[in-house]
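Presented below is the structure to which this report refers.
Coordinate-derived values only; no laboratory data. All figures in this text were calculated on a predicted structure; none of them were measured in a lab. When we count neighbours, we look across all protein chains shown, and the Cβ atoms used for this are built from the backbone with ideal geometry, even at glycine.
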Amino acid sequence: MASVDRQLADNIPSFDKHEDGQAVGVSNWSGVAGQLGLIKSGREWALIAFVALALIGGMELLLRLYEVPTYIMPTPSLIAAALVRDFPLLAPHVGHTLVELLTGFAIGATVGFVLAALVTQFPLLERIIAPYILLLVTTPMLALVPLLILKLGFGYSPRIIAVALASGPMVMINSATGFRRTDLAKIALARSFGASTLQIFMKIRIPMAMPMVIVGLMVGSIFGLLTAVGAEMVGGSFGLGNRLTYYSSLIQMPQFFACIVLLAVIGISIYVFFYWLGKKYAGWES
Amino acid sequence: MSAARRPKLAVEGASKFYETPTGRTHALDRFSMDVQDGEFVCVVGPSGCGKSTLLWSMAGLHALSSGRILLDGQPVTKPSPQIAMVFQEANMLPWRSLQKNIELPFEIRRQAPARERIDGLLQRVGLAGFEGKYPRELSGGMQQRASIVRALSVDPSLLLMDEPFGALDAFTRDEMNLLIEEIWLETKKTIVFITHSIPEAVFLADRVYVMSARPGRLSKVFDIDIPRPRPLEVQAAPHFVELVAEIKASIEHKAPARPAAA
């Protein structure tokens, strides 16, 4: 009788206790994704736009009224002008930062996801590597950048490695939480129709882990962006982080803030993208 | 009982131990039963009497510690295409639409879904038009009907039902019991149905197997001779009430005996 599934063989099928995955899972998906997409009417839109305009306009007004010097805080109009005027100069740096972020994140997320999927199948292995993953999560990977630059120079590679190291563990711990949610009844269902272990993995375990995987991807990519910008500040001559140090050393504050606006746009785009992804692939949970 | 015929399903001295962190659990103790082709058999017993263990073993999901289970004379050691299972609380996959949930067995077996059969079944249980809905958009009763469609869609010869209606309210439960009786009369599948409701067992079964609590043992077998089809009103008939009381007594008889023995 060796053909009986390892996943089921030693478990008592007790439904009364209600030990399905939902209790183990952490994710309140909507908590991460906030209030996006809940705006209903034109009136709400108008109100939101009004508050935004009032904030920016008020800032402009106050800065002008008190004659705050530009090198302390430029007015929104100056920042906007700098953004438009110098965009051709800044655009390549946006490109560099995105290359580092996307490449590093792709590597980190892939490794993190695969490791999480593998490791959660073997509890002993999970216990063995858990401390190292925790170490990677809690230590700022930015700390490694000077060393990486020393070894690899001022090109893309140290930054990409730093981004991968920062995002990978985040993806991994969240995905692992997802993969640990085993619902015996759902596995038994697939098994009762003759599913192989691989099929159970693809059709039951992965979809069940998906909400937590997406949370991990979101957190990981934000960490990746932080690390990319930080690494650019440490050394090298390109990327938005490098531009921040460059413009601040020249006290060109409008350009400095233009870079910050661009970074904010990247950050918000990441957030919106994963919110959409979560709605699409993890919407069943909320 | 026609002893000459080979039973559709034979359980011979099935025992099962579980190794748990707190020690060995004896879940099932030398349980035997024969189910003839086309029969409807119910197994009742208190919680934790090993009913689910028994059923999961029949489905080939669990290995037995000793004894064996034969389907058409062949030992069951792994899930068989001849067997389909209906689980507690419907067990729908929440990330799949109803249609996709029902197609799961075909996906697993890499077959084209039996479209005509599925559509007919959906029609039969009153779920036509709900194919695109997700489980959370359906009531408990609808979900359980969908899971019955899922199980029957692969045209099994043996249907195993593990307390399928335990989580439903009384009205929905009556409705489901009627439906399952009708479907059984139409398809003549062999059904093994587990429940902890004695009236449900008497209403549905040709024969009721009563189990005692841990370790799960067969304590008594009752033949239910109420003619079919059985309308819901049969539950108020004196003979029905008598049978229920008799089965109940056979379970409760055990209870006072235990402290005396201890």
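Quick rundown of the values:
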{"read-out": "Cα gyration tensor of region A:86-285 - equivalent ellipsoid semi-axes, whole Å, descending", "value": "38, 19, 11"}
{"read-out": "Amide N proximity, region B:166-202 versus residue B:5 label position 7 Å along Cα-to-Cβ, cut-off under 17 Å", "value": "B:184-192"}
{"read-out": "Tail weight of P(r) past 43 Å, computed on alpha-carbon pairs of the protein assembly as shown, percent", "value": "38 percent"}
{"read-out": "Antiparallel bridge percentage (DSSP; both residues within the protein assembly as shown; nearest 5)", "value": "55 percent"}
{"read-out": "Rg/Rg_globular for chain B, with Rg_globular taken as 2.2 N^0.38 Å and Rg from C-alpha atoms", "value": "1.02"}
{"read-out": "Nearest-0.05 FRET efficiency for residue A:202 and residue A:99, computed from C-beta distance (R0 35 Å)", "value": "0.65"}
{"read-out": "Packing-based order for B:87-99, A:148-160, B:160-172, using average beta carbon neighbours within 10 Å, highest first", "value": "B:87-99, B:160-172, A:148-160"}
{"read-out": "Only Lys, Arg (+1) and Asp, Glu (-1) charged, at Cβ; the protein assembly as shown dipole about Cα centre in debye", "value": "1000 debye"}
{"read-out": "14 Å Cα-Cα reach of residue B:8 towards aspartates and glutamates, excluding residues that sit fewer than 8 places from it in its own chain", "value": "B:34, B:37, B:39, B:72"}
{"read-out": "Label-point separation in nm, residue A:268 to residue B:136, each point 7 Å along Cα→Cβ", "value": "2.8 nm"}
{"read-out": "At R0 = 41 Å, FRET efficiency that the Cβ-Cβ distance of residue B:248 and residue B:12 yields, to 0.05", "value": "0.90"}
{"read-out": "5 angstrom amide H check on residue B:220, placed H, neighbours 5+ away", "value": "B:210"}
{"read-out": "Within a Gaussian network of chain A (alpha carbon springs, distance under 10 Å), most fluctuating of A:109, A:91, A:164", "value": "A:91"}
{"read-out": "Among the listed pairs A:279/B:189; A:203/B:51; B:189/B:220; A:280/B:78; A:186/A:280, those beyond 31 Å (Cα-Cα)", "value": "A:279/B:189; A:280/B:78"}
{"read-out": "Tilt relative to chain A, helix A:206-234 - C-alpha long axis, 0 to 90 degrees, to 10", "value": "30 degrees"}
{"read-out": "Highest-MSF residue in chain A out of A:248, A:196, A:167 [GNM, Cα springs under 10 Å]", "value": "A:196"}
{"read-out": "Residue-averaged beta-carbon neighbours from other chains (10 angstrom radius) around B:80-87", "value": "3"}
{"read-out": "Simple label model, 7 Å out from Cα along Cβ direction - residue B:36 to residue A:147, nm", "value": "7.8 nm"}
{"read-out": "Hypothetical label at residue A:71: residues of region A:232-246 whose amide nitrogen lies under 17 Å (7 Å Cα-Cβ projection)", "value": "A:245-246"}
{"read-out": "Helix A:87-119 axis, angle to chain A major axis (alpha carbon atoms, nearest 10°)", "value": "20 degrees"}
{"read-out": "Alpha carbon centroid spacing (whole Å) that separates region B:87-162 from region A:220-286", "value": "46 Å"}
{"read-out": "Partner chain coverage, peptide A:178-191 - average Cβ within 10 angstrom", "value": "4"}
{"read-out": "Per-pair calculated FRET efficiency, R0 = 45 Å: residue A:47 and residue A:85 via Cβ, rounded to 0.05", "value": "0.90"}
{"read-out": "Shielding score for B:56-68, defined as the mean number of other chain Cβ atoms within 10 Å", "value": "4"}
{"read-out": "Acute angle (nearest 10 degrees) that the helix B:98-108 long axis makes with the longest principal axis of chain B, alpha-carbon atoms", "value": "70 degrees"}
{"read-out": "Peptides ranked, highest mean first, by Cβ atoms within 10 Å: ranges A:70-79, A:170-179, A:257-266, A:127-136", "value": "A:170-179, A:257-266, A:70-79, A:127-136"}
